[in-house]
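Presented below is the structure to which this report refers.
The values are calculated or read from the model by the stated rules, or taken from the named source; none is laboratory data. Fair warning: this is a prediction, and the values are worked out from it, not measured in the lab. Cβ coordinates were reconstructed from backbone atoms using ideal geometry, including for glycine residues, and neighbour counts include every protein chain displayed. Ligands, DNA and RNA are stripped out before the accessible areas are found, and what is left, the full protein with its side chains, is counted by its heavy atoms. Shrake-Rupley method; radii C 1.70, N 1.55, O 1.52, S 1.80 Å.
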Amino acid sequence: MLGLPLAGLMWLGGRVVREEDAAFQHRLRDLMTGQLGNVDRLVVTHFDGIARRLRSSTKLEAFDAETVRAAVRGEPLAQQMIVLDAQGKLEHPHLEEPLNQGEREFLAESRQMLLDGDLARAAGIAVGTRGRPPEAQETGTRAAQDQRPGSNQSDGWYVWYQGRGVQLIFWRRLDDGRVVAVAIERARWLADLIASLPDTIPENTGPENAGPENTAPDASGASGIGTDSARIRLVDSVGQTVYEWGRYQPEPSEVAFAEATVSQPLATWRLQAFVPQSLMSGADRSRWFQVISGIAAIGLTLLLVAAIFWRGYAQDMKNALQRVSFVNQVSHELKTPLTNIRMYADLLERDLSNLDEEAARRPLTRLQVILQESQRLSRLIGNVLTFARQQRCTLQLNPRPGFLDDIVRQTVQQFSPSLARLNLHVELDLKASSPVRVDPDAVEQILVNLIGNVEKYASNGRLLKIATRLHDRTSIITVEDRGPGIPKSERESVFQPFYRLSDRIEDAAGTGIGLAIVRELARLHGGDARIVDVECGSCFEVTLKSEPDRGVAPDALDRPHHRASDATATEGTKP
Amino acid sequence: MRVLLAEDDELTRKGLAEVLTTEGYEVIEAADGRSAIIAFDRQPPDFVCLDIMMPERSGFDVCRSIRQHDQDIPIIFISARSEEIDKVVGFELGADDFIVKPFGIREVVARIRAVTRRCYARRSEEPLQEFAMCDLRVVPSELRAWRGETAIDLSLRDVAMLAFFHQHRGCVLDRNVIFNHCWGEDYFPSSRTLDQHISQLRKRIETDPRNPQIIRTVHGAGYRFEG
């Protein structure tokens, strides 16, 4: 009853958590991408600075070798300077002039690139088709430009690849059409670039965090996610890590959580962000915690409500059981005086039957009441004791061979005075004539309860019909009345202890355990008690599994009950 | 036939004794377990009625003690404790029947008659052969009379009285003679006891109790069975 809503809540909670989780991952990815953007801006700023600086260092007075070499010496960033004339022809270092050590080394690496006119094209010089097309470049030399040929830009970056990696050349086109280009010392710009990158990942954009080391603005707006525990990696065009920072140590094979390309001139490089699992699942866990605590709160509330109802029910049960327990204790004590009342009433009845009929009539009628009431009291006590034994699980049967019909006749006989007083007509349809092994006391108790119920609740129907039959190894007893009947919905509940069809006080005669006992005794016999459909009133059907007692001839059976109840043959019968 | 009745509640004991006496038994009363054993040893009865909850010695104790002397004597337990365990213990101890309090005298009478039939069955000397009175066939060992297929339950005293009439068929029997034979000499009932008993008996055995054919009244003298 409580599990279903909780399971529903769990399912909903799970969905919410999964959606929250997806949203969180999305947000984290945005945040990390933002971080990568910031890094990229740092790179751009760094190269813009270099470009600015080189613009001034390339303002040359003349383009002879001496002047250029002086400029190279004056610019620490420069590895070498290249001057192309307006036709894209290499003016410096001039191949036909004597070269110094640096120029020779540079040319050994870049000769092909220079001869192909890639740089000239990149710088916007219309170069003839002399030389080989770019796609047929020599192995180990690949060219890339950041400017389209013929653009009007007066300076820019030229990127080319050589065995050691990316090589950067800053070019500037002069007014006279010459192009001055500076090949930058790779180790130098790389070191400067790395120095300009942060060594920690800023947590968020809060003003208190915007220290000098966290110059990068964080636009993501997410806070408290813990990006400082991530790792950002700068990867070159062949996937080699150039530089990485952040506390997290990703696995070698780990796939980047977010990735961005670096702007020009390092467009083939990538920035990768790695986020530890704990950052994602940590958030996950906190979501789960929230959801589970929410569900737990609702569950607790439900439990509390259930507990309040249960307490009420348990209190009722406890009271009822206490009542039974108490009555059980006093029942044995009640039995001795009750025995004497019954016995002396019987004796008195016997004495009265010897008197003049006319004189004895009134006392006899009154005595009948005493007898019936003491019998009723006996039955009540019997029920309570049986129920108490059932509660203690000590209820056992004591089956012996006997005749079902005899037990029915005897029990009905017991009730005959009160049935007559209630004007209830008794109809017997007894067809269980062969002996069976049942507990006669239990069967009598079953009948006593069923007949008692008819007396109590259905006497206005004016009919009590009891039928017996044997079917295979089953004895079937039906007790039928023409009273108000029992609604279909209540047909199982009435067999519950302390259950009543109506809680109105005036209807609440009895202890509320009668039908529970009927069912229990029937089940101990391997059968059951249930209510079957009839046109009018109600009909209780009791089945008892019983071995037909073939070993004993009917005549050999002792039938004291039958004889004792046989009105024609019993001593001391009522006139 | 002699019955030992052990029951600690005096009212119950007196009531049961009256029922048994009316049935025709000689009753020895005992108010506790110890005196029950003493009474049994002094004058062995034909069967025993034992309450279970008694002072001094419980009914179970008494039963065990009796069984040491007599394995077969019928024993009926009377108890307020209807718990099965009591029954099992009782039957294990060799109880023949149980009477659970509260009981009506009809139930007691029925059970006692059943036990009496068993007493007759176990007795070696058959006391009385069955005999006929008019259309009635009296079977003393069954405590029954039969009219055709109809069985009529009789008490021990009924049988004794019918047998007495049968033995003295044709004779007018004085009330005192009947009384001495059927009740015993040390019994002093009211003068009406015999008349009432015969009146009750007639209601059951006579076809027309107002015009009795079996036991006829001889005015001023007593009763007579014509034969």
Pairwise FRET efficiency - B:T207 versus B:Q167, Cβ, R0 = 25 Å, nearest 0.05: 0.60
Modelled FRET efficiency - R0 60 Å, A:R392 with A:I292, Cβ distances, 0.05 increments: 0.90
Region B:152-227: chymotrypsin sites (Phe, Trp or Tyr not before Pro) in DSSP coil with no more than 12 other Cβ atoms inside 10 Å: B:Y187
Calculated FRET value between A:A22 and A:Q249, using beta carbons and R₀ = 22 Å, to 0.05: 0.25
Other protein chain Cβ atoms within 10 Å, averaged over every residue that makes up A:337-350: 6
Inter-chain shielding of B:106-113 (mean C-beta neighbours from other protein chains, 10 Å cut-off): 6
Under 25 Å from the Cα of A:K89 - lysines, other chains or at least 8 residues apart: A:K59
Residue-averaged beta-carbon neighbours from other chains (10 angstrom radius) around A:390-399: 2
Accessible area (Å², 1.4 Å probe, nearest 10) - B:H166: 40
Calculated diffusion of region A:82-128, Stokes-Einstein form, Kirkwood radius summed over Cα pairs, 10 °C and 1.306 mPa s, µm²/s: 146
Mean Cβ count within 10 Å, highest first, over the residues of peptides A:426-435, B:14-23: B:14-23, A:426-435
Where labels lie 7 Å past Cα in the beta-carbon direction, separation of A:L302 and A:L377 in nm: 5.2
Percentage relative contact order, region B:2-122, counting C-alpha pairs under 8 Å, at least six apart: 22
Set of lysines with alpha-carbon distance to B:K203 below 20 Å, sequence-local pairs under 8 removed: A:K574
Residue pairs, from the table A:K431/A:K545; A:K431/A:K465; A:K456/A:K488; A:K335/A:K545, whose Cα atoms sit over 22 Å apart: A:K335/A:K545
Three-way shape label, region B:2-122, alpha-carbon gyration tensor, a/c 1.5: rounded
Separation of the B:R147 and B:N176 label points, Cα + 7 Å toward Cβ, nm: 3.4
